[in-house]
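Everything below concerns the one structure shown next.
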Amino acid sequence: RGARTKKARVIELPENEFTVRWDAAKTRAMDLYWNASMLAVFSEGSELFDSITLAMNVTVHHPGLIEQLRAEKFDAAYSEDPTGFGIFHLAGIEKTALAVSFANFEFTYDVTQLPSNPSYVPSIFSSFGDRMTFLQRVLNLIASCMIGLLMSSRINWLQPIFEEDLWAMNANNSLVLLNSEPLLDYPRPTVHRCIEIGGIVMATENEPLTEYWADVLSLRNRTVILSFGTYIKASTMPEQYKETIRNTLSKFEDVTFIWKYENPEHNVSQGISNI
């Protein structure tokens, strides 16, 4: 559900024990993002993939679902999850696109047959930039290989649900829509079917602000929202990172920063008037 979906027919399936288990595993995996090693993320990924595979198996075999989708006779479809392309195949949808909620990474490299070039392209879980020492390149290569193995494992876990090759169904999509901004992202090889759409949003009707937010936006001439997205929590960020953000934002005295932070009791904005 989202902006301008009032006319769309939404199919809702009942929650099951596996979706609850998957949601809990996903939360644990996201909490590991800031501090954990790749080994810890890989370990948690096994539980995540196990639970999502069981949940997707229940979804695909929900009575009447595939028949209902096939009866719609869709012209095209897109999915962020690899399972979606298996469902599209069962529903007879031939034209598909892969949507990715972040920039190019190891999974999209495999899908599009692009080289990962870890010597100068940071892995999605790497803490390095595009100018690395030899040791950093080695560590970046290891991180890239582990992420690639992790994503390959996910496809392999899901494969038994479908008779056809799930890798092939993911690779045969027409477009790959990336949530990245080419002027800000690291330079890397690309292909024409990879479309970078970072910053694109649905047009919505404006609604009047509450008195509280109207007052916040009128404090200074400019206002910036700082958010790390839906899943990555700023509250689990290492204290060193938080302090760096605090020090940086405090230098822009003419800008009001609205920081999406999950635990207000941490008082991260204490002593800084523009956060």
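Taken together, the values in this text are just the output of simple stated rules run on the coordinates, not laboratory data. Only a predicted model underlies this, so the values are computations on that prediction, with no experimental measurement involved. So basically every Cβ, Gly included, is an ideal-geometry build from the backbone, and we count neighbours across all protein chains shown.
A few points about this structure:
- Spin-label proximity, residue 201 to the stretch 219-251 - amide N less than 12 Å from point 7 Å beyond Cα toward beta carbon: 224-227
- Rel. contact order, % - alpha carbon contacts under 8 angstrom, at least six apart, the stretch 211-266: 54
- Considering only 48, 8, 194, and ranking their Cα positions along the charge dipole of the chain that arises from unit charges at the beta-carbon of Lys, Arg, Asp and Glu, the one farthest toward the positive end is 194.
- C-alpha long axis of helix 239-250 to longest principal axis of the chain, angle in °: 60
- Dipole magnitude for the chain: about 520 debye, using +1 per Lys or Arg Cβ and -1 per Asp or Glu Cβ, origin at the Cα centre.
- Shape of the stretch 211-266, Cα gyration tensor, a/c cut at 1.5: oblate
- A simple spin-label model places pseudo-atoms 7 Å from Cα toward Cβ; at residue 221 and residue 13 they are separated by 5.3 nm.
- Taking every alpha-carbon pair under 8 Å whose residues sit at least 6 apart, the stretch 17-196 reaches a relative contact order of 23 percent.
- For the stretch 17-196, a/c is not less than 1.5, where a ≥ b ≥ c are the root eigenvalues of the C-alpha gyration tensor, and a/b does not top b/c. That puts it in the oblate class.
- Helix 38-60 axis, angle to the chain major axis (alpha carbon atoms, nearest 10°): 50
- Shape category assigned to the stretch 159-233 from the gyration tensor of Cα positions, a/c cut at 1.5: prolate
- A Cβ-based charge dipole, computed about the Cα centre of the stretch 68-116 with Lys and Arg at +1 and Asp and Glu at -1, lands at about 180 debye.
- Using R0 = 22 Å, the C-beta based FRET efficiency linking residue 145 and residue 179 works out to 0.40.
- Label-to-label distance for residue 210 and residue 168 is 5.4 nm, based on points extended 7 Å past Cα in the beta-carbon direction.
- With respect to the chain, whose longest principal axis is taken over its alpha-carbon atoms, helix 134-158 is tilted by about 40°.
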